[in-house]
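Presented below is the structure to which this report refers.
Every read-out reported here was derived from the displayed coordinates using simple, explicitly stated rules and does not represent laboratory data. Quantities reported herein were computed from a predicted structural model and do not represent experimental measurements. Counting neighbours? That spans all protein chains shown, and the Cβs are built from the backbone with ideal geometry, glycine included.
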Amino acid sequence: MTVDRDLFSQDAVDVAPLLLGALLRHGDTVLRISEVEAYQAGDDPGSHAFRRRTPRNASMFGPPGHLYAYFSYGMHVCANIVCSPEGEASAVLLRGGEIVAGHSEARARRGASIPERDLARGPARLTRALGIGLHQDGADLTVDPFELTLPTEPVPALTGPRTGVGGLGGGVEFPWRFWIPGDRTVSVYRRHPRAG
DNA sequence: ATAAGGATGATCT
DNA sequence: GATCATCCTTATA
């Protein structure tokens, strides 16, 4: 079944664990999500929207259930699912998953020699494997060529500090990384040098 | 298995 | 000029 759009009107922290095991389709490629991170509205120093609305983070303030895609480290694109009602900015970063359909397309985008489990292990890898680009920032994820399907049964989840987040927002104060225990497509945890 | 360094550009101070 | 919600390669265990 396809996802009800109202689900994403909740805060990102509440939505994030529900996305584990969910399927995200883009065209012919389908991803089973195994790892996510929540970035909250309001007082989250790790969020791109913490200071103010800018051209880059504008879609985070847009309608829930849409895509927030941003350019990272000069060469990567990362993808979020926007949460909270329109005007309030929270989002769930997609950090890892398993390609369950469209392997040939994913491999064509990622490289022929990439091991199966690494196709979408990591936020920038995942985005590239699915073929998502910056031009799709703000796109509605509940409308073709996108489709979201929630798991029919509850999926176990573990929680911990967010990866790669520095300064405030990087410590154990914000344990908003969620992953499926034992899943081999979960990215390796790397603590930011400046994490609290 | 983990660690370190470079690539590369938008955004902010 | 510094900081990144990163990835890849190479080095050491």
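Worth pointing out:
- Less than 5 angstrom separates the built amide H of A:SER90 from those of A:CYS83, all sequence-distant by 5 or more or on a different chain.
- Rounded to the nearest 20, the Cβ-based charge dipole of segment A:155-196 about its Cα centre (Lys and Arg +1, Asp and Glu -1) stands at 160 debye.
- Helix-only arithmetic for chain A: the sum of -39500 (n - 2.57) across DSSP H runs with n ≥ 4, divided by the residue total, places the mean residue ellipticity at 222 nm at -3500 deg cm²/dmol.
- The spacing between segment A:131-182 and segment A:1-50, judged by their C-alpha centroids, is 5 Å.
- Whole-Hz couplings from phi, Karplus 6.51/-1.76/1.60, listed for segment A:164-170; x for Gly and Pro: x, 9, x, x, 4, x, x
- Among A:ALA41, A:ALA108, A:ALA49, the residue with the largest mean-square fluctuation in a Gaussian network model of chain A, with springs joining Cα atoms closer than 10 Å, is A:ALA108.
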